Structures are given as structure tokens and as C-alpha cells.
Amino acid sequence: VVVRPSTTEQVSRILALAQEHRIPVTTRGAGTGLSGGCIPTEESLLLSTERMKRIIEIDSENHVAVVEAGVTLFELDEATAAHGLRYPIQPGEASASLGGNIATNAGGMRAVKHGVTRHQVLGLEAVLPGGEVIQCGGKFVKVSSGYDLTQLIIGSEGTLCVVTKATLKLVPRMTQRLTLLAPFENAEDITRAVPKVVHSGVSPSLVEYLDWVGMGGAVRRGGADLSIPEEMKQKAKAYLLVVLEGNDSNRVQEDGESLGELLLGENALDVFFLSESEASKIIEGREGAFWSGKEAGMADQVDVVVPRASLSKYVESVQGIAQAHQTFITFTGHAGDGNIHLGIFQNDPKVFSDVMGEIYDLATKMGGMVSAEHGIGRAKKKYYQKLEDPVRLALMRKIKAAFDPENIMNPGVVFDGQTSA
Ligand SMILES: Cc1cc2nc3c(=O)[nH]c(=O)nc-3n(C[C@H](O)[C@H](O)[C@H](O)COP(=O)(O)OP(=O)(O)OC[C@H]3O[C@@H](n4cnc5c(N)ncnc54)[C@H](O)[C@@H]3O)c2cc1C
């Protein structure tokens, strides 16, 4: 059964009935999630937020937007543009809903400058399983008044409540953009250069890593013509894509030039300053890397995170895992955040599962986590439950029981089981 409420009051009535009859509820935003979190079980009610579409307010004095959960990133971007503002979190899929972004704590390419969803959400309206409506946070940055329920709900993947409205921080929309592309012969040089780029003081808004396979896919998908000489393409094992933004074109140009020098000093084969149209194409192609991988037979895409300075060691060790299991693995990712996307090409389910287990195990041992931005959902649950600290997991189960005593909210997502309230 699919229900498509258009008001908070309707969500409240649905959840009250669901709790009374102990019917599990899975909330679905736009269905673009990559961890299977919005896939219901057979006996579940699917609650779609697709009709909760109102942009309630763009407050240009407080730099805040108030939106319903079903508003998409694309719709919010269009609405904020008219005010010279922008919601700075831009995961690769603009058809995703803000409710889904909040439930997965989505990240994306601009996290290196603006953080992830949880850094830009000031407040929420949410409906609890019994139907009660709560308001948390508001149009303010500072708050020190009891537990922070807004932050607890962000990233909870529909397992605690249904988010119905959000109050989001906006930033001024920059007018100038400069995009640099640097090919490297050696992937390690890139990962060593990334912390230096981040510390250079130029504050890039995007620092992306693409191996040569990912680069080929992004060029094809976006239709970019980068004019990189063939000889250099043959040498280049990986590429670094950096975007600088600002309002003063001279300043952005100066920063770009000093960044170019820095990259050449870190063994870049060359540094290309891309035209606005080629830059848009390559970024679009990079955002669609998931689809390029799928078209080429990729079994899954992993979104692990490790400390930024450990990326090079992590990539090297994963190459060892790939070799040991005769599995082809591609590397693209949000290098500025230590968040790497591994495209796993392996059709044998047993080998696939072993490879995934080792990749996650390695990331955790290196001080990272199983998922940086896509969430655990159903797809990564078995790996996450094995690697998560049992004390933290037990605490999370108690928190879930406090919100959802009948265990009706997206049961079986993130972790199994529940202690009673
Ligand atoms: C091509 C492509 C590129 C992508 N790039 C990125 C990227 O760069 N960064 C990134 O972080 N993600 C990325 N994603 C993943 C995806 O877009 C995000 O996970 C997004 O946040 C999901 O939003 P959605 O509305 O589609 O949610 P859904 O897929 O519908 O749901 C995701 C989860 O959120 C829960 N949920 C949804 N709405 C609500 C609500 N109102 N209240 C409570 N729970 C709710 C669901 O139950 C489910 O657990 C990408 C996906 C694709 C296909």
C-alpha cells in the first residue's frame, strides 16, 4: 500500500493508525538513495512525500529556507537563485528530496567547503510513530538547550520518525567560478597533494579525485572536450578536479594561479584551466559516475570514508584486495573529505561479499567508517553491524526504542532488532 500525504496532519493520522495496527512504515522521498533504505518489506506501508512540495519561505534576511520534505534539490536551487542565495549541499542527484537528504545526511562534492547536510539544517518538523508532531531547532545557529534532536534525526534513515519540514541555512550565490584539472602520473601524488590544497587558504568548493577509468566515464557522459594531449592521457593514472568560487574575478584568478603552482610542485603533469562550459560538462559527467559504472557492469558503489591524509594508503591497500580477489575496482571521490567511491566490478556473489567485507574492514581499521554519505540502508547492514562498536549499537537500539516502541519505523534498516522501550 502506498500513501501519498500532502500535509503534516495527514502524516500524523497515518502514523497513529500504523502504530495502532503495528504496520511497518517505510518513508520514500525521491527513491534515489543508494543503500536500499526506502525499499519496503512486503508487509510495510510505503509513505511517499512526493506531494509535500511547498517551499514555505525563502527568508533572505536570515539566509534561511523553510521547505516541506518532498521538495527536491533542483526545485530549491531554482527558488533560491531568484534571491541570489543557494542551499550549498549539492549531492550528485538533484532530483533527490530534502527529506531524503536529511534522512541520509547526504554529502556530495561541495562538502569540503560547506560540510554535509547536518551542517546546514537548523531545524525540523517531524512526526513520531504515534502521530505526535515535534518541532526542533529554528531560524538560529546557536542553541544550547537540552539534547539536540535535530541532529539525532538527521541521518536516521526513516527509522525514528517522518521528517515533514526543514529549516535550512542558505549562503550567498557566488558569481565567479574557476575550474582546474590536473592529471597525475601517480595516484599517491594526488592523495598527498589534497591536504595541501585544502590547507592552501584558497578554500576550494570542490576537490574531486578521478582515476583514469572514472575520468574516461565522466568525459564520455558529460560530452566534454578537454584537449589533453594523447601522450599525457596515456601517462595519467588519475586526475584532480578543483573548483574555486568567489565574487571577485581577479581574486579567483589569482587564487587559481597560485593553486596551479602548488599542484605543479606536487608533480602534476600539467594544470588545465577549463572553460565554464567544459567545466560544467565534466562536473555533470562526474556526478553521473554511478550511472556510467552501472552501464559498464558495476555491481555496486561503495562510499567509505577515511581520514583525508590516509587516502593514498587506503587506495593502495584496496588495490591489493582487488588483485587478491581478481576484482576490478575503480576509484573516484570527494578527495577533500577523505570520502572515496569504489566501483566494484565482480559478478560472483561470494567473492563480491568477501571483497566488500575486506574493504569496509580496512576503512574501519584506518579510522574511517562504512558509509560517508549514502547511509547504511539494507545494502550495507551486514557489514556495518559487524564493524560497529557493540556498545554504540546497543545505545542506538535503545534510542530507536524510545522513539519507536512498536518498531514500526523502517524496521530492518541500518541495524536489526530492537530492545524494548
Ligand atoms: C547518480 C546519483 C548520484 C548521487 N550522488 C550522491 C552524492 O554525491 N552524495 C550523496 O550523499 N548522495 C548521493 N546520491 C544518493 C542519493 O541521492 C541520496 O542518498 C539522497 O539523499 C536520497 O534522497 P531521496 O529523496 O531520493 O531519498 P530516498 O531514496 O527516497 O530515501 C533514502 C532514505 O531516507 C529515508 N527518507 C526519505 N525521506 C524521508 C523523510 N521525509 N523522513 C524520514 N525518512 C526519509 C528513506 O526511508 C530511506 O531510508 C546519489 C544518487 C545517485 C542516483
request  = Show the residues, 5+ positions off or on another chain, whose built amide H is closer than 5 Å to the amide H of residue 409.
outcome  = 25
key: the stretch 130-286, dipole about Cα centre (Lys/Arg Cβ +1, Asp/Glu Cβ -1), debye to the nearest 20   = 680 debye
inquiry  = In the chain, once you exclude exposed chymotrypsin sites (Phe, Trp or Tyr not before Pro) (DSSP loop, at most 14 other Cβ within 10 angstrom), what's the longest stretch remaining?
reply    = 148-421
query = Can you give the net charge of the other residues whose Cβ lies under 13 Å from the Cβ of residue 379, counting K and R as +1 and D and E as -1?
reply = +1
Gyration tensor (Cα) of the stretch 187-227, equivalent ellipsoid semi-axes in angstrom = 24, 13, 7
Selection from 396, 92, 210, by position along the positive dipole direction of the chain (Cβ) = 396
query = When the Cα atoms of the stretch 304-421 are enclosed in a convex hull and the volume is divided per residue, what value in Å³ results?
reply = 108 Å³
query = For the stretch 43-96, what does the alpha-carbon gyration tensor say about shape, rounded, prolate or oblate, given a ≥ b ≥ c as the root eigenvalues, a/c under 1.5 as rounded, and a/b over b/c as prolate?
reply = prolate
ask   = Please state the Cα pair-distance histogram of the stretch 81-238 with 10 angstrom bins from zero: what percent is in each bin?
value = 9, 29, 28, 20, 11, 3, 0
ask   = Say R0 is 45 Å: what FRET efficiency, to the nearest 0.05, do residue 54 and residue 257 get from their beta-carbon distance?
value = 0.50
Calculated SAXS-style log₁₀ I(q)/I(0) at q = 0.13, 0.15, 0.20 Å⁻¹ - the stretch 171-314, Debye, Cα scatterers = -0.58, -0.78, -1.35
Residue order, fewest to most surrounding Cβ atoms within 10 angstrom, among 109, 174 = 174, 109
task = First obtain the Kirkwood hydrodynamic radius of the stretch 1-47 from its Cα pairs, then insert it into the Stokes-Einstein equation at 10 °C and 1.306 mPa s, and state the resulting D in µm² per second as a whole number.
result = 141 µm²/s
task = Kindly give Rg over Rh for the chain, based on alpha-carbon atoms, with the Kirkwood expression for the hydrodynamic radius.
result = 0.98
ask   = What's the FRET efficiency of residue 264 with residue 309 using the Cβ-Cβ distance as r and R₀ = 25 Å, to the nearest 0.05?
value = 0.75
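Which percent of the Cα-Cα distances in the stretch 231-374 go past 26 Å?
Percentage above 26 Å: 34.
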remark   = Cα pairs beyond 19 Å in the stretch 1-138, in percent, come to 52 percent
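Might you report the magnitude of the Cβ-based charge dipole of the stretch 210-309 about its Cα centre, with Lys and Arg at +1 and Asp and Glu at -1, to the nearest 20 debye? Intermediate results must be reported in sequence, preceding the final value.
Numbers: 10 positive and 19 negative charges, 93 e Å.
Approximately 440 debye in magnitude.
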task = For the stretch 233-240, take each phi angle, set θ = phi - 60°, evaluate the Karplus expression 6.51 cos²θ - 1.76 cosθ + 1.60, and give the result in whole Hz per residue in order, putting x for glycine and proline.
result = 4, 5, 7, 5, 8, 7, 10, 10
query = Mind checking the dipole of the chain: about its Cα centre, +1 per Lys or Arg Cβ, -1 per Asp or Glu Cβ, Debye to the nearest 20?
reply = 960 debye
ask   = Applying 1/(1 + (r/R0)^6) with R0 = 30 Å to the Cβ-Cβ distance of residue 398 and residue 199, what FRET efficiency is obtained, to the nearest 0.05?
value = 0.15
remark   = Summing -39500 (n - 2.57) over every DSSP H run of at least 4 in the chain, dividing by its residue total and rounding to the nearest 500, the 222 nm mean residue ellipticity is -11000 deg cm²/dmol
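Each reported figure results from applying straightforward, stated rules to the coordinates on display, with no laboratory input. Since the model is a prediction, treat every value here as computed from it, not as a measurement. Every residue, glycine as well, gets a Cβ built from its backbone with ideal geometry; the counts of neighbours run over all protein chains shown.
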